[in-house]
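Report on the following structure.
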Amino acid sequence: MKRYLISFVLTFVISALSAHAQVSKSISNDDEQQAICSFITTHISSVVSQVPTLCSAVRDEASKYEKAQYFNINIFASGNVLRGPMRRAWISALFQALEGVAQDTPLQKACSGDNVCLLSFADTQMSEHNLHYESYLRSSDVDALESMLKTNKSSEFSELWYELWWNSVFKVSTYPKSKENANSLGEDACKSFSDAVIKRSKEFGMDAPSCSVLIANSDNIYIVVDFNDFMKALTGRMMADDLLPNTIASRLNNTGYGGQVIVRSPWFKTVDGNERIYRVYRLQDLEFAYDEEQSGLRNESDIYMLLAMRYESNGVISQNHLVADPKIDSAIRPVAVASMTRSADGSQIVDTTDGAAWRVSAKSTADCDLHVGMELFLAAAGDADISLTTDHKGKTCRLEASFVMGW
């Protein structure tokens, strides 16, 4: 299931990168844009009539001269619908309306083929914090979602449908961001977690794990929760992991930063070599869990199961292998550069946030402008078939990299 979620997110991310390069001035509404907004607001109002929903749609000026059309669709709910009892009803109505915009013939498939729709939506509370959600939409993305639902024998409005749609959405802040601000926010989030986990650890009769900022920049914050013992990390989920939404996610929820929270242990010697716990959660998923609980849609037990079953992933857990079992396992995950050390031959030893150490050629380091905090994407089948790439100047840059060990 996690593989499906990642694939669906990647589809939207690729669309985003493609569309973002085309953004320019917009032209005023015409009949087509008005029809799109009328379709969206009419559908949402038929489901949640007590909350007025406003919409504007403009076509990118570049669309007048190119084959593709680029529509910017802005939706605003004049109420606090995204954190409250109407959250699931309103957002489900919006997601269903977007499927119609992307696929319905009367709208001439506004987001189909080469056409791309940039969706932006918010409610009153989000607007007060200069926040909104964004998503890039194409009919092919909706087709992929429907295929996943069919494969998993699920349907529209199901839990899978709801979560897949949310995984295509990204929170954006219009406040200025910086490395210094991100680091300060990360430290504050860690303090919130540490205060809570110290109390919880006394109940369990265990030492509390530590919390620190691994790296922070103007876009992302990477936080690590460190247990001092393998077994404590293995059995400490209820002591640490289920505190993450109401501490770290709560503190970072209105900041617009992305990133991850990593829960890890020291290496533990086994007959197969050194192993450890290395659980990874996206901040986006922790914030989703927090919003769901605050809205009253899920209780604490539901949130714990959501994180454990849907949103937890692993980094490098075997010191000598990129994946647990090189014969059968694969890895598809976003990572970031945590540190870089130059070797005598000019290559770099690069530690990434999934716990992997890489040797990267000097040429790749220069060609891809590799630096601490840079986001990378890993796709691997076992330890041999590995692709480590990054986006550089709007193009995919593949690194000449070999896995060294778990760091």
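The values are calculated or read from the model by the stated rules, or taken from the named source; none is laboratory data. This one's a predicted model, so the numbers in the text were calculated from it and none came from an experiment. Methodologically, a virtual Cβ is constructed for each residue, glycine included, from the backbone with ideal geometry; neighbour enumeration extends over all protein chains shown.
Do you know which residues across the stretch 278-305 are under 29 Å from W407 (Cα atoms) and in contact with a helix residue (DSSP H, G or I) (Cβ under 8 Å, 6 or more places away or on another chain)? Within the stretch 278-305, R279, Y281, R282, L283, D285, L286, E287, Y304 qualify. In the set (1) under 17 Å from the mean Cα position of the chain (by Cα); (2) crowded, with 16+ Cβ neighbours inside 10 Å; (3) of a type in the set (G, A, S), S192 fails one condition alone, (1).
For residues that are among the hydrophobic types (A, V, I, L, M, F, W, C) and over 16 Å from the mean Cα position of the chain (by Cα), scanning just the stretch 367-382, find the one that is nearest to A336 (Cα to Cα). Across the stretch 367-382, the extreme among qualifying residues is V372.
Need at least 3 residues that are under 22 Å from L252 (Cβ atoms) and in contact with a Leu (Cβ under 9 Å, 6 or more places away or on another chain) per element, so show me which strands (runs of 3 or more DSSP E) inside the stretch 271-382 make the cut, counting only ones lying wholly within it.
Output list reads 330-342.
Of all residues assigned to the stretch 95-105, at least one qualifies as being more than 14 Å from I36 (Cβ to Cβ) and outside the structural domain of A338 (by TED's automatic domain parsing).
The single residue among A208, A233, A182, A240 that is surrounded by 19 or more Cβ atoms within 10 Å (Cβ to Cβ) and part of a loop (DSSP other than H, G, I, E, B) turns out to be A208. Checking the stretch 63-75 against the condition returns a match, with at least one residue being within 21 Å of T255 (Cα to Cα) and either surrounded by 15 or more Cβ atoms within 10 Å (Cβ to Cβ) or touching a residue at least 24 places away in the same chain (Cβ under 8 Å) (or both).
Where in the stretch 43-156 are there strands (runs of 3 or more DSSP E), lying fully within it, with 3 or more residues that are among the aliphatic types (A, V, I, L, M)? Walk me through it before giving the result.
Numbers: elements: 53-60, 70-77, 116-123, 131-137.
Qualifying strands (runs of 3 or more DSSP E): 53-60, 70-77, 116-123.
Residue check: G113 meets all listed conditions (1) farther than 30 Å from N80 by Cα; (2) outside the structural domain of V101 (by TED's automatic domain parsing) but one, namely (2).
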